[in-house]
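Here is the structure we will look at.
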Amino acid sequence: MHITIDNPASAPQPLGPYSQVARVELDGGGALLYLSGQIAEGDSIAAQSHGIFETLSALLDAHGATLDDVINIRTYLTDIGDLPEYAAVRARFLTATSPTSTTVEVPRLFRPEALIEIEVVAAVRADA
């Protein structure tokens, strides 16, 4: 098994000392991409969600994947009441078969202004 950890130059850089993508090459071809939790600037859940999906898309693109390749998504909301507004943004970005999903409410995130954090796992086909 071969694992690559990186911060693609073509995507927004991390806000701290961590890597944004772990790529695990699979026997027989293809790979799994594990993306760190992402936050974004904005004064609303919709604005932050949109920014996060843009960043996730850029990170996936750097590894030959798209949001259609996402197989698992984990969402952390500071207010579960924001779920409908987040879900509307998510539906605009995740248009393929719905991935497995976990959404939880947390008291706070590592940045006080962050209302949401999202992390994903994607599967890259061998021909990508």
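All told, Glu41 meets the bar of being of a type in the set (Asp, Glu) and either in contact with a helix residue (DSSP H, G or I) (Cβ under 7 Å, 6 or more places away or on another chain) or on the phi > 0 side of the Ramachandran plot (or both). Can you tell me which condition Leu67 does not meet? The list is (1) touching a Leu at 6+ places or on another chain (Cβ under 8 Å); (2) under 20 Å from Tyr18 (Cβ atoms), and all the others hold. It fails just one condition, (2).
Among the residues of the range 41-52, which ones are assigned to a helix (DSSP H, G or I) and either surrounded by fewer than 20 Cβ atoms within 10 Å (Cβ to Cβ) or among the basic types (Lys, Arg) (or both)? Those that are assigned to a helix (DSSP H, G or I) and either surrounded by fewer than 20 Cβ atoms within 10 Å (Cβ to Cβ) or among the basic types (Lys, Arg) (or both): Ala46, Ala47, His50, Gly51.
Pull up the range 8-40, narrow it to residues that are of a type in the set (Val, Ile, Thr) and surrounded by 18 or more Cβ atoms within 10 Å (Cβ to Cβ), then point me to the one that is farthest from Tyr76 (Cα to Cα). Checked the range 8-40; the qualifying residue farthest from Tyr76 (Cα to Cα) is Val21. Residues of the range 73-87 that are closer than 12 Å to Phe53 by Cβ and more than 12 Å from the chain's Cα centre (by Cα): Tyr86 alone. For first residues located in the range 98-116 and over 14 Å from Tyr76 (Cβ atoms) and touching a residue at least 60 places away in the same chain (Cβ under 8 Å), partners that are part of a loop (DSSP other than H, G, I, E, B) and not hydrophobic (A, V, I, L, M, F, W, C) and lie 6+ apart or on another chain with Cβ distances below 8 Å form the pairs Glu113/Glu41.
Since every read-out is calculated from the coordinates, none of them should be taken as a lab result. In this text, all values refer to a predicted model and were calculated from it rather than measured experimentally. Glycine gets a Cβ as well: all are built from the backbone with ideal geometry, and neighbour counts include every protein chain shown.
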